Structures are given as structure tokens and as C-alpha cells.
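Have a look at the structure below before the remarks.
The values are calculated or read from the model by the stated rules, or taken from the named source; none is laboratory data. Computed from a prediction, not measured in an experiment: that's the story for all the values here. As a convention, Cβ positions derive from the backbone with ideal geometry for all residues, glycine included, and neighbour counts pool all protein chains shown. For the accessible areas, the whole protein counts, side chains as well, though only heavy atoms, and no ligand, DNA or RNA atoms are used. Shrake-Rupley method; radii C 1.70, N 1.55, O 1.52, S 1.80 Å.
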Amino acid sequence: MKCVFVTVGTTSFDDLIACVSAHDSLQIIQSLGYNRLVLQIGRGKVVPEPFSTESFTLDVYRYKDSLKEDLQKADLVISHAGAGSCLETLEKRKPLIVVINERLMNNHQLELAKQLHKDGHLFYCTCSMLPGLLQSMDLSTLNCFPPGQPEKFSAFLDKVVGLQK
């Protein structure tokens with residue numbers, strides 16, 4: 001079973017959910033050999049219809065106490081750019097695509113994603129670029145995030161967020 005897990009955290013990111021659950025995206029995800037897509041949609045208004053066929057399953061939920069289990073099972077994580085979600089995913093050493101919400105213009109999230117991308121830890125894109133990135137990305141080029149160094153990450157976060165003040 002290969003699984004893609006999409007998380008928007010406690011907020012809503014309807015553009016991302018709409019994009020990733022669109023027919024074209026589902027076809028790309030399947031063509032890459034994934035047979036399960038789990039969407040954590042938070043407060044979103046876009047609620048795709050879950051379905052299950054012999055070859056593919058789409059699961060949808062709003063919240064769980066912990067995303068640990070879904071992160072653990074995922075072979076690829078597509079996340080909003082929240083620092084918490086990014087860190088949790090990287091610490092589990094899962095391949096990560098961060099999708100930038102262009103509607104949020106106070107975008108220190110973009111700085112964070114850019115820096116982590118530069119260091120080779122993740123891919124990032126906007127919603128409209130996601131299908132193309134899914135097709136072109138090479139997950140084997142990603143470096144694992146150094147485990148268990150949250151202080152490094154928070155120092156880095158301070159720096160990035162500090163730049164924005």
C-alpha cells in the first residue's frame with residue numbers, strides 16, 4: 001500500500017484540497033503508484049467525497065487528536081506551510097511537499113519552505129504547480145532532516161520569522 005497524506009492543520013486550505021482531489025491530480029497520484037490518498041481538511045469548505053475502488057481509496061476527515069499515525073503510514077506528505085506540520089513530517093523522515101497558500105500574504109511560511117528546500121529537505125510549490133511537481137519530482141534527491149534537533153529548527157525559525165518583523 002502506498003499512501004499520500006495531505007494535511008492543512010487546524011486551518012482551512014480549500015485550494016489545496018480542491019487541487020489535490022481533482023480528477024487530474026488523482027490520476028497523477030495513481031500513476032506514481034500510490035493507492036491511497038488521505039485528506040485532513042481542517043475547517044475547509046471543500047469536502048471531497050470519499051471513495052474506494054479496487055485500485056484506489058480516498059479518505060477524508062477534519063481533525064484527529066494526533067496526525068502521528070497518518071504521518072507514520074504515509075509514503076508522501078503534502079502539507080500546508082505551517083511550521084508545526086513541516087517539522088513533524090520531517091522528523092518522521094517522510095518525503096514532503098509544502099504547498100504555499102498564496103492567499104496568505106504575510107508569508108514567512110514561504111521563507112521557511114524556501115530555506116528547507118534549499119537545504120534539500122522538501123519540495124514546495126503553489127496549488128497550481130502541484131500536479132506538475134508531482135510528475136517531475138525525484139524524491140530520492142531529498143535529504144533527511146537531522147533527527148531530534150528541534151532547537152536547531154526553532155533557532156532557524158526565529159531567524160526566518162525575525163527577518164519578517
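Values as computed for the structure displayed
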| read-out | value |
| --- | --- |
| Separation between Cα centres of the stretch 11-37 and the stretch 112-147, rounded to whole Å | 16 |
| For VAL60, residues with placed amide H under 5 Å, excluding near neighbours | LEU39 |
| Hz values of 3J(HN,Hα) by residue in the stretch 46-58 - Karplus curve (6.51, -1.76, 1.60), Gly and Pro given as x | 8, 10, x, 7, x, 8, 9, 10, 4, 9, 8, 10, 10 |
| Solvent-accessible area, 1.4 Å probe, carbon plus sulfur percent, for the stretch 20-102 | 47 |
| Sequence ranges 76-87, 53-64, 92-103, ranked by mean other-Cβ count within 10 angstrom, highest first | 76-87, 92-103, 53-64 |
| The stretch 3-161, accessible area per residue, ligands and nucleic acids excluded (1.4 Å, Å²) | 50 |
| Correct option for semi-axes √(5λ) of the Cα gyration tensor in Å [calculated from the coordinates] among (1) 30, 21, 17; (2) 25, 17, 15; (3) 46, 21, 9 | (2) |
| Neighbour net charge for VAL8 - beta-carbon separation under 14 angstrom, K R +1, D E -1 | +1 |
| For ARG36, distant residues with modelled amide H under 5 Å away | LYS2, VAL4, THR57 |
| Dipole magnitude (debye, nearest 20) for the chain, charges at Cβ of Lys, Arg, Asp, Glu | 300 |
| Label-point separation, LYS118 to PHE56 (7 Å along Cα→Cβ), nm | 3.7 |
